[in-house]
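The values are calculated or read from the model by the stated rules, or taken from the named source; none is laboratory data. What you are looking at is a predicted structure, and each value in this text was computed from that prediction instead of being measured. Ideal geometry is used to build each Cβ from the backbone, glycine not excepted, and the neighbour counts take in all protein chains shown. Each accessible area value is taken on the protein alone, full model and side chains, heavy atoms only, with ligands, DNA and RNA left out. Shrake-Rupley method; radii C 1.70, N 1.55, O 1.52, S 1.80 Å.
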Amino acid sequence: MGALPRRNEAPDGGHMVVCGDDGLARRLAAELRDVYRQHVLLMVPAEEAGGRAAEPPGARAQAGETPWSVREIVAPAPYQEALLRAGVERAAALALLYEDDETNLRAALTARRLNPGLRLVVRMYNRKLGHHLEELLDQAALLALPGMDRVALDASTTVLSDADTAAPALVATAVAGTNKIVQADGLLLRAAERPASGGRHVPDRGLCTLALLSSTATDPAGSEGSEASGAQGPDLLPDDRAVESSSGRGTVVLETVHRTGPVLPPRRLARRGAPLGEVLSARLRWSLAGIVVAVLVLATTTAALTDADPVHAAYLTLLDLFSINDPALDGSPTRQILQLLSGLVGLALLPLLVAGALEALGTFHATGTLRRPPRGLSGHIVLLGLGKIGARVLARLRELDVPVVCVEQDPEARGVPLARELGVPVVLGDVTEDGVLDAARIHRADALLALTSSDTTNLEATLAARNLKGDLRVALRLYDDDFATAVYRTLRSAHPRAVTRSRSVTHLAAPAFAGAMMGRQILGAIPVERKVLLFAALLVTGHPHLEGRTVAEAFRPGAWRVLALDTADPAARRPDLASAPHTGDEPQLLWDLHPGSVLHPGDRVVIAATRRGLAELLGRRPLDTGIDPTTRRPSDGG
């Protein structure tokens, strides 16, 4: 740590290089070290040096495993000289995480020239520019390495933003109370813990059982998930026999993220049209109903007391109602009285028609602006802040048909047009002022997502909401990891029965960036006590443990398990299953697999695997590369 190493001190190759000027870089380096066990070189400016992510080689290595570490160097910016001294020309992957898009852009172009086969992960706030940059860098890699296969090319450049990568975890926290999730083909999957079953009751296994928890997990004197637990430790990817015989042990199952609240009609809050209840007030509707009843009574009476048939009687009543009939001067007293009564009802109808027209005009005008929360709304999520992260979270919540009420102080915020387009109610105002949370119906809400850019505002809103509803599920965005941890512990102590999650964006975004650095085939990772399960999308071709085998035969307990099959045509497959599908795209993953289904060459499958299991499945090669960093040429597979 300190000054840049000399040229001959650069790493030997195959390492990961992370460059950045804020907490995301340090968090990503720790993720690569702890989850994927990679050698990482962290490049930071002088003011960010000296963090906790750097540790001496082998500081966390377990017995019999290759040591892994984070080495920290100081550089003012990722200039060419700094990248060369970091060994980028021999590195497996480079992450550029500076807050300035131009800095990341310049460094990405330089790195691609120095190492055409380098896997690049670039942080960009400008999404349109990021899309063009991704195409440009992929084209540059293809020109420099004409023999590059499609898998390696698809993973060669990935452009991400904090908002896109943090949104799924925030959505899962609000809906299901957890951020142990994996995103695949737009579907949010979570690892849910099931307590030990008692008696003959078998807990729901979800899509599959991922792990058996350690038998000492509920024992305060036990060593939860420690490496020395032996047979008492967590058992990853057990077979059915092990699950059935695991009495007294909790399980971790994979399931889809869905709402746990009351069932609501789809798109209840996202209709573009205005329902009758919002066009006309209840008082006006009752008044109009009274007029209709009066007209029906008058028409019936006219038919009964005169010689007119029912149709003609109704016609005469309407003419009298609108005062366009001739006066019944020569008619019978009964006809004259009925005409006068119809005229009086018509006088009452005129102001009601005017009031209805004005209310309807105001309602339809409001549908083009912002909606107010309906009076009887309940079971919804209150979303504070419609900035870049709040807008992404709002879009994902609506994809899940979750009712949302937004609170935003700035009417020009980025997510306000999206809320208007989706028809989501918005309360404009400062959430720290009295009455704003009440207007959002917080006392009837299921959860609160505090995602403004101010830590103090998020914390103040959370405390105020908890005073209004003590059991409210809360997830608040905080910038600093240490502060988020302190807030979490304090709120859990004060409200032990309520679900509380405090999250920093760097904490939530780091796993997605780490997965991209390992290759787009890595969908994510879920911790199980002190172990980790990896989720990856693999081509069956070239893998003898998968090719030509059935789903049941391809399952190796404790190592890997096939979870889903990609049903899309190979030419139409999305290279990055970890990202949400574009609007209108149909899901292409089949999760309900029959054990006898055969895996054919060319198929793509989603698997869950341990670190060692995935390494064995890939033939002990680095997690996905397709590129040999020493020759900068396509490898034979992977």
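With a Förster radius of 22 Å applied to the beta-carbon distance between residue 143 and residue 80, the computed FRET efficiency rounds to 0.65.
From the largest down, the range 437-550 spans 59, 29, 29 angstrom on the principal axes of its Cα atoms. Taking only protein heavy atoms and a 1.4 Å probe, the accessible area of the range 419-574 is 49% carbon and sulfur. Distant-in-sequence amide contacts of residue 39, defined by a placed amide H-H separation under 5 Å and a gap of 5 or more residues or a different chain, comprise 16, 69.
A 1.4 Å probe run over the protein chains yields, for the range 291-447, 51 Å² of accessible area per residue, whole-number rounding.
After finding the eigenvalues of the alpha carbon gyration tensor for the range 508-582, what semi-axes result from the square roots of 5 times each, listed largest first in whole Å?
Values: eigenvalues 96, 76, 19 Å².
Whole-Å semi-axes of the equivalent ellipsoid: 22, 20, 10.
Only lysines eight or more places from residue 180 in sequence, or on another chain, were considered; those with a Cα closer than 27 Å are 388, 469, 531. Give the shape of the range 391-478 as rounded, prolate or oblate, defined through the alpha-carbon gyration tensor: a ≥ b ≥ c are the square roots of its eigenvalues, a/c under 1.5 means rounded, and otherwise the shape is prolate if a/b is larger than b/c and oblate if not. The shape class here is prolate. Heavy-atom surface analysis with a 1.4 Å probe gives the range 290-332 a carbon and sulfur content of 68 percent of its accessible area.
Take 286, 591 and sort them by solvent-accessible surface of the protein heavy atoms, 1.4 Å probe, largest at the top.
286, 591
Per residue, the convex hull spanned by the Cα atoms of the range 408-455 measures out at 91 cubic angstrom. For the pair residue 247 and residue 286 in one chain, pulling the backbone fully straight at 0.36 nm per residue adds 7.9 nm over the alpha carbon distance. Within the range 308-455, the proportion of Cα pairs with more than 29 Å between them is 44 percent.
Summary of the geometry: the range 436-483 and the range 310-347, compared by the centres of their Cα atoms, lie 62 Å apart.
In a fully extended conformation the segment linking residue 309 and residue 489 would gain 56.9 nm over its present Cα-Cα distance, using 0.36 nm per residue.
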